[in-house]
Every structure is written in C-alpha cells, then in structure tokens.
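Below is one structure, written out as structure tokens; comments come after it.
A short reminder: the numbers here are calculations on the coordinates, not readings from a lab. Since the structure is predicted, the reported quantities are computational estimates derived from the model, not experimental observations. Glycine also receives a Cβ, built like all others from the backbone with ideal geometry; neighbour counts cover every protein chain displayed.
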Amino acid sequence: MSMQSILALKPEVLSLPPGTSESLSYQRRHTLPASEFRCLTPEDAVSVFEIEREAFISVSGICPLYPDEIRHFLTLCPELSLGWFEEGRLVAFIIGSLWDKERLTQESLTLHRPGGRLAHLHVLAVHRTFRQQGKGSVLLWRYLQHLGSQPAVRRAVLMCEHALVPFYEKSGFQAVGPCAVTVGSLTFMELQCSLRSHIFLRRNSGC
C-alpha cells in the first residue's frame, strides 16, 4: 500500500462548542482531540492487547491476536486497521489484513497477502467501559468507509460466532456459510460484505 492510502483517513475531531467556559485544569485535560479515528501503529499494540484480552479471554479463553501478531499486522498493513481514541485513549479498534482467496482458511489467521482483494477483519473490540453505547457499530461503519477508499480492496470478510451474525448483518455483511477455520472446539460463520454496495448504501442514507 502507498503512503497516500495510509494517510487517506484524516482524523475527525469533535471539539467543544464555542464559548464553553473551562477551568485551567479542564483545558489541559482537553489538549488532545476529544474524539479521533486513525490507523493504528505498532506503538498502539499494548493498548490494543489490553482491550482484546479483557474482551475475549473472559468469554472464550482465547484471543484472536496475541501481541506479536498484533505488531506483525500493524507493521505490515497499518492502513487496514482503525482505532477510535477518546482524549488520546484507545477505546475501540479493528485490525485487518489482505487475503487472496475466496474463503478464509487456517492460514488466513496469521498471513497478510499484499496482492489480495479481500480485507480480512481479524478482530473488533471495544473497551469494557465503552460497551453498550453503539461504538462497535459506528467503528465498523467507519472502517468499511475507509476500506472503500482503497481501490484494490473489493470485499471485507470475517468469521464470527453464530450469536454475533446479526450484529454484522446490520452493517451489510452476509453469511456465506460455515467457516473452514476452527479454533479449539470453537466453530464460526463466515461473512462477507461488498464494499461497493456499502458505498452505495452510505450515499443513499444521507450519512
């Protein structure tokens, strides 16, 4: 990917209304953007894993990605990641890589295929104090917009447990069948989303 594609997603800042009175300590606390979306870097790996570990190990006992794998993908393809930061603190993230086959395989869990046309979403996680606020859906929508700005990427693909299928379907993903990938005793559904269809839906939704 070119540096232009990495920088294509400009941070979005939500500032305080004009004229809002603030104490000096309050002003210092808000020297960082109130809300920002940006691609992740290897320096974000520790924060990423802290959120992921709490979100997944407490439920299934395993993580989609461990620290070395997080750094691996954030080094090779940072433009396929997206983090949501509140006052400089990571609160939610997605990490992806490129894949060059029609369906996911066991190899897709650890590989990045630069010539691939599918963006494989390895993990989406939200910090525990920010859950049940719709942040996961907003982040996924922003991520799909970001992917849509990269001409080489045609579709997004992911695997998830059956209970999460409705969540992803609301963002335009469609189930394509049971996934060939298994992790221990866990089985998954595979879902795909056409990025062209997503752009069409966004343009006609007024967003």
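Ranking request for peptides 118-131, 35-48: highest mean number of other beta-carbon atoms within 10 Å first, then the rest in descending order.
Result, highest mean Cβ count within 10 Å first: 118-131, 35-48.
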Descending Cα extents along the principal axes, the stretch 35-156, whole Å: 37, 31, 25
message: Give me a comma-separated list of calculated 3J(HN,Hα) values for the stretch 179-195, in order, Karplus coefficients 6.51, -1.76, 1.60 applied at θ = phi - 60°, integers in Hz, x for any Gly or Pro.
response: 7, 6, 7, 10, 10, x, 8, 7, 10, 9, 9, 9, 10, 9, 9, 6, 6
- prompt: Which of the GluC sites (Glu not before Pro) across the stretch 46-84 are loop residues per DSSP, with 10 or fewer other Cβ within 10 Å?
  reply: none
- line: Given 160-167, 102-109, 141-148, the highest-first ranking by average Cβ count within 10 Å works out to 141-148, 102-109, 160-167
- line: Computed from the beta carbon distance with a Förster radius of 22 Å, FRET efficiency for residue 56 and residue 105 to the nearest 0.05 stands at 0.55
